[in-house]
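Coordinate-derived values only; no laboratory data. All figures in this text were calculated on a predicted structure; none of them were measured in a lab. Here Cβ is always computed from backbone atoms with ideal geometry, including for glycine, and neighbour counts include all displayed protein chains.
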2 protein chains.
Amino acid sequence: MATIKDVAKLAGVSISTVSLALNNQPHVRAETKEKVLAAARRLNYQPNGIARDLKLSKTETIGLILPDLAGPFYSELIRGIQDFTTANHYDVVAMSAIGERPKSIRYIQEKRTDGMIIMSQQIDATLIRQAARPDFPIVLLNREVSSNHVTSVMIDNRKAAYEAVQLMIRQGYSEIAYLGGPEDASDNRNRFYGYQASLHEAGRTVEPKWCLQGDFTKEGGYGAAKRLLAEGMLPQAIFAANDEMAIGLIEGLQQGGIGIPEEMAVVGFDDIQLASYIRPTLTTVRQPMYQLGSTAAKLLFRLLDGESNLDAVVLDTHLIERDSCPPKAVTQS
Amino acid sequence: MATIKDVAKLAGVSISTVSLALNNQPHVRAETKEKVLAAARRLNYQPNGIARDLKLSKTETIGLILPDLAGPFYSELIRGIQDFTTANHYDVVAMSAIGERPKSIRYIQEKRTDGMIIMSQQIDATLIRQAARPDFPIVLLNREVSSNHVTSVMIDNRKAAYEAVQLMIRQGYSEIAYLGGPEDASDNRNRFYGYQASLHEAGRTVEPKWCLQGDFTKEGGYGAAKRLLAEGMLPQAIFAANDEMAIGLIEGLQQGGIGIPEEMAVVGFDDIQLASYIRPTLTTVRQPMYQLGSTAAKLLFRLLDGESNLDAVVLDTHLIERDSCPPKAVTQS
DNA sequence: TTGTAAGCGTTATCAG
DNA sequence: CTGATAACGCTTACAA
């Protein structure tokens with residue numbers, strides 16, 4: 001591969017002149033510049049970005065770590081980030097945090113980007129705290145880690161869940177179950193607290209038998225449905241901590257001959273694309289994904305500009321009422 | 001940020017010793033190593049990946065360029081790539097090729113990764129040819145560019161479309177329309193050729209009025225439906241060049257009061273997740289996404305190992321029959 | 001076993 | 001306006 005040296009040699013000038021010419025610095029004679037450009041073209045010269053990054057100690061790219069790098073769920077998020085970063089002449093590279101010890105942590109440890117936006121509970125908080133510095137700020141999505149150069153943008157999971165369950169109560173359901181994600185996921189925990197608060201406010205209590213365990217996957221929801229069916233005891237409604245589980249749950253229940261929503265209402269969380277396609281269409285909580293992304297990018301640039309100790313930003317969610325949680329029909333049971 | 005120099009100073013050794021110790025090279029006295037490790041820990045030292053990459057002229061990461069970085073469509077593809085690269089201790093970073101002059105081209109020009117897998121028609125062929133070198137091979141997905149260090153993995157779009165339309169004919173439909181993507185997309189072109197071949201074989205001809213123009217988006221399909229409705233002339237069946245358009249089309253038609261599939265059959269292409277959720281469920285062509293990814297990764301590593309002039313690999317597709325293209329009911333029109 | 005020094009490909013400072 | 005030269009942070013012969 002041709003380097004700046006080769007170009008200099010071919011053009012018969014020094015490498016510094018080549019650098020000046022190629023970077024459109026003033027003070028280069030037009031004639032010289034032309035000579036350099038010609039040489040570069042002839043050699044198919046491409047500057048080595050890595051060397052450049054090392055010299056300048058900046059990459060003009062920001063990293064994005066997602067749990068999975070797939071799913072329409074992230075589409076808007078990425079767009080929100082990209083719209084903002086592109087305007088600042090920055091690139092975005094995405095990597096996923098799948099696997100036991102995600103390889104993506106290499107990227108957060110070794111400063112291969114100028115900063116990071118992380119949406120993943122997998123990555124260790126200590127690691128994040130260690131990696132974050134003035135010249136390598138980190139913005140967390142739906143998660144908090146205290147450090148000067150880390151900030152977060154979140155949705156109010158508790159409030160969102162509270163409102164969702166409130167709707168279920170208002171529609172006339174009693175026996176409302178909670179289908180949760182992994183115990184240690186903070187999203188899950190906060191959604192559970194919201195569920196709990198809503199029940200308490202209505203003078204009810206959380207019953208262990210109505211606390212179902214899932215794992216944020218469709219399969220998890222499906223499994224929960226099967227267990228419910230096997231036990232033969234059904235609640236009147238279920239609030240699932242995410243749409244994927246809600247969908248698996250609905251499919252499992254329907255296969256078991258349970259009519260949704262007549263025999264059981266379901267509410268989800270996230271408003272993924274499928275939510276409006278599954279039958280019945282899913283009542284769910286919409287996260288402002290685009291805004292989540294753009295806010296994160298905005299905060300990251302402020303951090304990059306030297307600000308620190310930024311407060312976390314909390315975004316509002318929006319309850320989307322569809323067909324899976326209609327007013328409860330009065331039946332003569 | 002602490003550098004290797006700082007660690008050396010604190011540990012009271014030379015920087016080369018630090019490097020040796022940190023990289024678990026033999027020939028370092030245990031005691032010295034301990035001293036170095038302690039110093040590194042105290043300084044919260046993180047090696048600078050960029051400097052390392054520059055020195056070693058390799059990054060152990062491969063880049064992936066996708067049209068959009070979103071959509072469940074790519075989920076399996078990415079997994080296919082990742083499973084393979086992870087086994088080789090490589091990382092994957094993804095970037096999207098959206099926008100007029102995608103910023104991601106910077107990554108392909110400046111050798112910031114050891115190679116690239118590109119799924120995008122947006123990126124200029126000349127650029128690809130210029131960038132590809134023995135130490136920066138490129139694998140193209142569903143696209144071909146002739147160069148020693150570029151190869152492709154593709155599906156046989158023509159054959160897949162041919163088979164899909166053959167099914168439609170077999171089910172008894174005559175008047176079969178084609179809803180295409182952008183004219184210049186080679187996928188689209190080849191799918192059209194397959195459509196054409198299938199019709200010809202059945203002794204029919206392609207009629208201009210049944211060649212609908214879309215753009216691979218749901219909105220495009222929706223628009224086509226509206227135009228069809230406005231004209232008042234409907235074909236018996238439509239083969240859409242991708243699922244998104246097919247779905248938009250179905251929604252548009254249904255809104256116009258047309259029963260699918262009774263009044264019009266539809267077949268799509270891709271088998272995205274939604275295809276099995278939309279009503280009616282969509283008959284479509286499944287691309288072997290995982291295999292597409294893993295094959296691409298495999299080829300890339302062979303290229304990286306010094307092989308060249310690799311033949312393109314063509315993968316088989318699979319027709320998924322669902323409800324949107326049943327045998328045509330005999331009606332007394 | 002450890003240190004010295006060269007070099008990866010740039011950019012930037014400073015003379016000339 | 002152009003050319004030496006140092007430096008970015010690291011790895012690795014080679015020397016000690």
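Percent relative contact order of the stretch A:1-136, based on C-alpha pairs within less than 8 angstrom and at least six residues apart? Relative contact order here is 23 percent. For B:Glu144 and A:Ser174, a Förster radius of 56 Å and the Cβ-Cβ distance give a FRET efficiency of 0.35, rounded to the nearest 0.05. Each part gets one Cα centre, and for the stretch B:1-48 versus the stretch A:36-61 those centres are 31 Å apart. Inter-label distance, B:Gln213 to B:Asp124: 2.6 nm, where each label sits 7 Å from its Cα along the C-beta direction. The three principal axes of the C-alpha atoms in the protein assembly as shown carry coordinate ranges of 84, 72, 46 Å, sorted with the longest axis first. The local environment of B:Asp271, defined by Cβ-Cβ distances under 12 Å, has a net charge of -3 under the rule Lys, Arg +1 and Asp, Glu -1.
Across the stretch A:1-57, Cα-Cα distances exceeding 13 Å account for 55% of all pairs. Ordering B:241-251, A:259-269, A:230-240 by mean Cβ neighbour count within 10 Å, with the highest value first, yields B:241-251, A:259-269, A:230-240. Semi-axes of the equivalent ellipsoid for the stretch B:76-159, computed as √(5λ) from the eigenvalues of its C-alpha gyration tensor and ordered from largest down, come to 18, 17, 14 Å. When the helices of chain B are scored as -39500 (n - 2.57) per DSSP H run of n ≥ 4 and the total is divided over every residue, the value at 222 nm lands at -12500 deg cm²/dmol. Between B:Leu37 and A:Gln25, the distance separating the two model label sites (each 7 Å from Cα on the Cα→Cβ line) works out to 4.6 nm. In a fully extended conformation the segment linking A:Glu231 and A:Gln255 would gain 7.1 nm over its present Cα-Cα distance, using 0.36 nm per residue. For B:Leu140, nonlocal amide neighbours, meaning residues 5 or more places apart or on other chains whose placed amide H falls under 5 Å from its own, are B:Ile118, B:Thr151, B:Ser152, B:Val153. The rule of thumb for compact globular proteins, 2.2 N^0.38 Å, goes into the C-alpha radius of gyration of the stretch B:112-173 1.57 times.
Quote the FRET efficiency, to the nearest 0.05, computed for B:Arg204 versus B:Asp156 with a Förster distance R0 of 25 Å and r equal to the Cβ-Cβ distance. Taking R0 as 25 Å, the efficiency between B:Arg204 and B:Asp156 is 0.70. A Förster radius of 25 Å, combined with the Cβ-Cβ distance separating B:Asp83 from A:Arg106, puts the computed FRET efficiency at roughly 0.90. For the protein assembly as shown, a simple Cβ point-charge model (Lys and Arg +1, Asp and Glu -1, everything else neutral) yields a dipole of about 2560 debye relative to the Cα centre. Net charge of the neighbourhood of B:Ser152, taken over other residues with C-beta under 11 Å away and scored Lys/Arg +1, Asp/Glu -1, is -1.
Pairs of Lys residues in chain B, spaced 8 or more positions apart or belonging to different chains, with C-alpha separations under 19 angstrom: 11 in total. Per-residue Karplus couplings for the stretch B:104-111, computed as 6.51 cos²θ - 1.76 cosθ + 1.60 with θ equal to phi - 60°, are listed in order as 4, 5, 4, 5, 7, 7, 9, 6 Hz, Gly and Pro entered as x.
Evaluated at q = 0.08, 0.09, 0.13, 0.15 Å⁻¹, a Debye calculation over the C-alpha positions of chain A (equal weights, vacuum) places log10 I(q)/I(0) at -0.50, -0.59, -0.95, -1.15.
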